[in-house]
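In what follows, a single structure is set out as structure tokens and then discussed.
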Amino acid sequence: MILSDKLILEEIEKGTIIIEPFKRECLGTNSYDVHLGKYLATYKNRVLDAKAHNEVDHFEIPKQGFVLQPNTLYLGVTMEYTETHQHVPFLEGKSSTGRLGIDIHATAGKGDVGFCNTWTLEISCAQAVRIYAGMPIGQLIYFVIDGDIETRYNTKNNAKYNHKTTRPVESMMWKNTF
């Protein structure tokens, strides 16, 4: 079951969903619109290695915007910091963003119960497109979870993305054993 606008508001009131900053006008019928933060990052190397720490260069999106180029992976971040303590959050692109040829996540659209942070976006584009800090970039949808949770993400010892940030976070795949 997906939470409706009224249920999202009730969960915010209870403190099981936190969205900062929260703007009532961003609440849709069954989702909440999130916005692109002011930082992007690109990997320093063109060839990435799943077993290595692939470093990134962070930069701020200028006021006049920034032109994304095809065939480049950009890491972005949401302006909104969120916490989800009783539901499974899903981040999806907005149709208006998709119609500009922008994908906001390659595979990581689902969050975990207990995820408390900004969302790193894996941004790619079909053709060159100018983007701006603060533009609507996606929407959060909240699903009811069935059953008790043994370990929330924010209490896992091996959680790789628990450090609060306002900048995009590079892949931490290299911390896995394989």
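Here are the numbers for the structure shown:
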| quantity | calculated |
| --- | --- |
| Scan of region 1-15 for residues that are of a type in the set (S, T, N, Q) and either exposed (fewer than 11 other Cβ atoms within 10 Å of the Cβ) or in contact (Cβ under 8 Å) with a residue 60 or more places away in the chain (or both), ordered by number | none |
| Whichever residue in region 1-56 is of a type in the set (Ser, Thr, Tyr) and over 15 Å from the mean Cα position of the chain (by Cα) and, among such residues, is farthest from Gln69 (Cα to Cα) | Thr16 |
| Region 106-121 - residue that is touching a Leu at 6+ places or on another chain (Cβ under 9 Å) and surrounded by fewer than 19 Cβ atoms within 10 Å (Cβ to Cβ) and, of those, farthest from Ile19 (Cα to Cα) | Ala106 |
| Only listed residue being out of contact with any strand residue (DSSP E or B) (no Cβ under 9 Å at 6 or more places or on another chain) and hydroxyl-bearing (Ser, Thr, Tyr), chosen from Thr72, Thr29, Thr82, Thr78 | Thr29 |
| Residue selected from region 67-85 under the condition in a strand (DSSP E or B) and in contact with a Ser or Thr (Cβ under 7 Å, 6 or more places away or on another chain), by the criterion nearest to Arg130 (Cα to Cα) | Tyr74 |
| Subset of region 16-57 [of a type in the set (Ser, Thr, Tyr) and either surrounded by 11 or more Cβ atoms within 10 Å (Cβ to Cβ) or in contact with a Pro (Cβ under 6 Å, 6 or more places away or on another chain) (or both)] | Thr16, Ser31, Tyr32, Tyr39, Thr42, Tyr43 |
| Tally, over region 152-178, of residues that are part of a loop (DSSP other than H, G, I, E, B), surrounded by 13 or more Cβ atoms within 10 Å (Cβ to Cβ) and not aromatic (Phe, Trp, Tyr) | 11 |
| Sole residue being surrounded by 13 or more Cβ atoms within 10 Å (Cβ to Cβ) and charged (D, E, K, R), chosen from Glu60, Glu83 | Glu83 |
| Out of Phe90, Phe143, sole residue that is in a strand (DSSP E or B) and either within 10 Å of the chain's Cα centre (by Cα) or of a type in the set (A, V, I, L, M) (or both) | Phe90 |
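Coordinate-derived values only; no laboratory data. Nothing here was measured: the structure is a model prediction, and the numbers come from that model. As a convention, Cβ positions derive from the backbone with ideal geometry for all residues, glycine included, and neighbour counts pool all protein chains shown.
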